[in-house]
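Each remark here refers to the structure printed beneath this line.
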Amino acid sequence: MADRAELLLELKQTVSQCIEEAKAKLHTLSKDIWSCPELAYEESRSHDTLVAFFSQEEGWKVDSHFKLHTAFRATWGAGVSEQVNVGFLCEYDALPEIGHACGHNLIAEVGAAAALGLKAVLENTHGKLPVQVYVTVLGTPAEEDGGGKIDMLSEGAFEGLDVVFMAHPSKEDAMYLPCVAEHDVTIKYHGKASHASAYPWEGINALDAAVLCYNNLSVLRQQMKPDWRVHGIIKHGGVKPNIIPAYAELEYYLRTPSRAELHVLKAKAEMCFRSAAVATGCEFARNKYDNMLRNAVLEKLYETNGKALGMDFTTDEDVLKNESGSTDFGNVTFAVPGIHPYFYIGSNALNHTEEYTVAAGDDRAQFFTLRTAKALAMTALDVLLNPELLQRVKQEFTEAKLKEDRTLTGEHTELSDKH
Ligand SMILES: NCCCC[C@H](NC(=O)CCCN)C(=O)O
């Protein structure tokens with residue numbers, strides 16, 4: 001045991017050192033992505049930048065346009081049986097108009113840095129590890145819109161992974177922040193145009209339907225559970241004041257803490273859509289985001305490594321209890337045990353603001369970004385050196401998934417009876 005502890009400490013120190021030695025090219029990688037923000041499924045330049053990055057690194061097998069046009073996979077390892085396959089995820093999609101206001105350029109850097117650091121260590125363990133290791137980096141586009149990981153899950157991109165890691169920029173360090181289930185919906189109303197002054201009575205006003213829909217949803221909130229969310233915009237409300245709008249369109253996000261409750265909220269919301277007009281079309285998005293299946297074993301390991309590196313994990317109950325939005329990584333956690341911690345980037349700015357875009361591109365974010373990568377790579381080493389620990393990770397995943405699946409069917413029945 002002492003030998004294993006000493007080896008682990010030595011390897012963790014080497015991980016840190018290797019990541020530090022690569023910091024210049026990692027910073028360039030992150031800045032290149034940050035400086036050319038691309039929207040979901042349109043991240044061609046970021047894809048090419050990351051593919052080139054791993055292609056220039058020795059020993060990586062790189063699959064560009066992997067499962068999705070702007071996704072990629074980079075793998076390293078012997079590819080023999082009895083191996084442990086460790087996954088690191090890179091996100092790199094930006095937001096409309098405000099660019100990398102969620103710091104996904106830093107998510108990509110963390111994933112690349114952790115993978116580089118772990119690989120550098122593994123190349124020099126010369127059989128000291130109890131297992132063969134395969135390192136897989138998945139470039140997973142379109143988190144902010146569409147859910148690229150969900151598409152990739154259905155295409156088998158995550159098959160064979162034993163554990164998966166990523167981390168998300170935030171305004172504090174946290175092992176976990178509540179991530180909720182979410183489903184987008186586009187609501188379309190069709191009316192009939194007419195001259196709004198000369199013959200208004202000939203028109204059928206689609207914008208009126210959209211306004212009624214908006215108001216229906218606003219009053220629905222009084223009867224919603226406090227941790228449910230319904231929020232949206234009117235994307236199209238007409239072209240000119242003197243033309244009765246023949247078309248109106250709204251986009252909404254519906255969110256509930258668990259997958260099981262989402263269908264209840266969707267049914268209530270759909271009644272609001274439909275009661276606003278005689279005829280309406282509403283199209284739910286292809287992909288539904290799941291809540292996150294936590295893994296306390298991995299979270300604890302990450303916390304220990306993070307604290308050793310100087311992280312100051314928030315203990316603010318308001319922060320830890322408040323939902324932090326949704327992510328398609330939630331869907332991944334129902335297929336592979338994983339963690340998605342949050343990391344401070346040297347700014348108190350809030351995600352999805354222009355201030356956060358500036359912070360994500362600031363040199364000050366680098367220290368915190370590399371520290372996070374080190375903590376993830378160290379957490380991977382913890383489970384690689386201790387097969388019993390990996391077994392506990394998988395056991396917790398299996399039990400949590402079983403419990404969620406029972407809730408999904410049980411609550412589904414119970415909630416549908418009630419509503
Ligand atoms: N289908 C749209 C999903 C929007 C995802 C978006 N994700 C984030 O902001 C990252 C949150 C990480 N906890 C959201 O609005 O939640």
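Of the residues making up region 234-273, those that are over 18 Å from Met224 (Cβ atoms) and more than 29 Å from the chain's Cα centre (by Cα) are Gly237, Gly238, Val239, Lys240, Pro241, Asn242, Ile243, Ile244, Pro245, Ala246, Tyr247, Ala248.
For region 161-172, a tally of residues being surrounded by fewer than 23 Cβ atoms within 10 Å (Cβ to Cβ) and within 16 Å of the ligand (Cβ to nearest atom) returns 3.
Selection over region 111-152 of residues that are in a loop (DSSP other than H, G, I, E, B) and in contact (Cβ under 8 Å) with a residue 24 or more places away in the chain gives a count of 15.
For Glu58, indicate whether it is farther than 21 Å from Leu390 by Cβ and touching a helix residue (DSSP H, G or I) at 6+ places or on another chain (Cβ under 6 Å). Here the answer is no, as Glu58 does not meet what is asked. Those helices (runs of 4 or more DSSP H) of region 258-346 in which 2 or more residues are surrounded by 17 or more Cβ atoms within 10 Å (Cβ to Cβ), outside the structural domain of Glu159 (by the TED database) and touching a strand residue (DSSP E or B) at 6+ places or on another chain (Cβ under 7 Å) occupy 259-274. If you go through region 138-160 and keep only what is more than 15 Å from the chain's Cα centre (by Cα) and either within 10 Å of the ligand (Cβ to nearest atom) or surrounded by 20 or more Cβ atoms within 10 Å (Cβ to Cβ) (or both), you end up with just Ala157. Evaluation of Gln222 against the conditions (1) surrounded by fewer than 17 Cβ atoms within 10 Å (Cβ to Cβ); (2) touching an Asp or Glu at 6+ places or on another chain (Cβ under 7 Å) shows that the sole unmet condition is (2). The number of residues in region 219-234 that are in contact (Cβ under 8 Å) with a residue 12 or more places away in the chain and either of a type in the set (A, V, I, L, M) or closer than 12 Å to Asp184 by Cβ (or both) comes to 7.
Restricting region 347-368 to residues that are in a helix (DSSP H, G or I) and away from the ligand (no atom under 16 Å from the Cβ) leaves a set whose member that is nearest to Ile98 (Cα to Cα) is Val358.
Take the conditions (1) in contact with a Cys (Cβ under 7 Å, 6 or more places away or on another chain); (2) over 19 Å from Lys149 (Cβ atoms); (3) not aliphatic (A, V, I, L, M); Ser326 misses just one of them, which is (2).
The values are calculated or read from the model by the stated rules, or taken from the named source; none is laboratory data. From a predicted model like this one, the values you see are computed outputs, not experimental measurements. All Cβ positions, even for glycine, are placed from backbone atoms using ideal geometry, and neighbour counts span all protein chains on display.
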